Amino acid sequence: MAAQPGHAVSCGEVDAALMPCIRYLTGRGGNTPSPANCSGVRAVKAMSQTTADKRASCDCVKAAASREPDLQDAAAQSLPAKCDVQLDIPISRSVDCSR
């Protein structure tokens with residue numbers, strides 16, 4: 001699911017990658033992320049290699065987080081680490097994606 005060179009990251013791609021994570025991020029999926037959750041995080045990392053792609057992915061993640069009223073911030077912030085993925089994009093409603 002990695003983006004092609006010269007291909008801008010779309011919110012549709014980011015949303016599709018993170019869709020399996022919704023139950024975990026809203027507290028309905030237990031305390032441990034599933035393999036599908038971690039695959040989604042790895043997919044977002046893979047498609048977010050350039051600075052422009054990271055900003056685009058960040059904007060998409062922020063928008064998706066804002067649409068989910070039950071999102072648990074602690075679960076969102078810990079998801080990449082629990083999946084052993086160094087993700088340069090915070091999963092947050094309040095992140096400044098221009099930084």
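For the stretch 89-99, the set of residues classified as surrounded by 14 or more Cβ atoms within 10 Å (Cβ to Cβ) and free of Cβ contacts under 8 Å to residues at least 60 places away in the same chain consists of Ile89, Pro90, Ser92, Arg93, Val95, Cys97, listed by residue number. Residues satisfying the criterion are absent from the stretch 38-48 (criterion: surrounded by 15 or more Cβ atoms within 10 Å (Cβ to Cβ), aliphatic (A, V, I, L, M) and over 24 Å from Ala8 (Cβ atoms)). Residue pairs whose Cβ atoms lie under 9 Å apart, separated by 6 or more positions or on different chains, with the first residue in the stretch 63-77 and farther than 11 Å from Cys21 by Cβ and touching a residue at least 12 places away in the same chain (Cβ under 8 Å) and the second surrounded by 12 or more Cβ atoms within 10 Å (Cβ to Cβ) and among the small types (Gly, Ala, Ser), are Asp70/Gly27; Gln72/Gly27; Asp73/Ala65; Asp73/Ser92; Gln77/Ser92.
For the stretch 45-99, the tally of residues that are among the aliphatic types (A, V, I, L, M), over 20 Å from Pro35 (Cβ atoms) and more than 10 Å from the chain's Cα centre (by Cα) stands at 6.
We did not get these values from a lab; they are worked out from the coordinates using the rules stated. These figures come from a predicted structure and were not determined experimentally. Backbone-built Cβ (ideal geometry, glycine too); neighbour counts: all protein chains shown.
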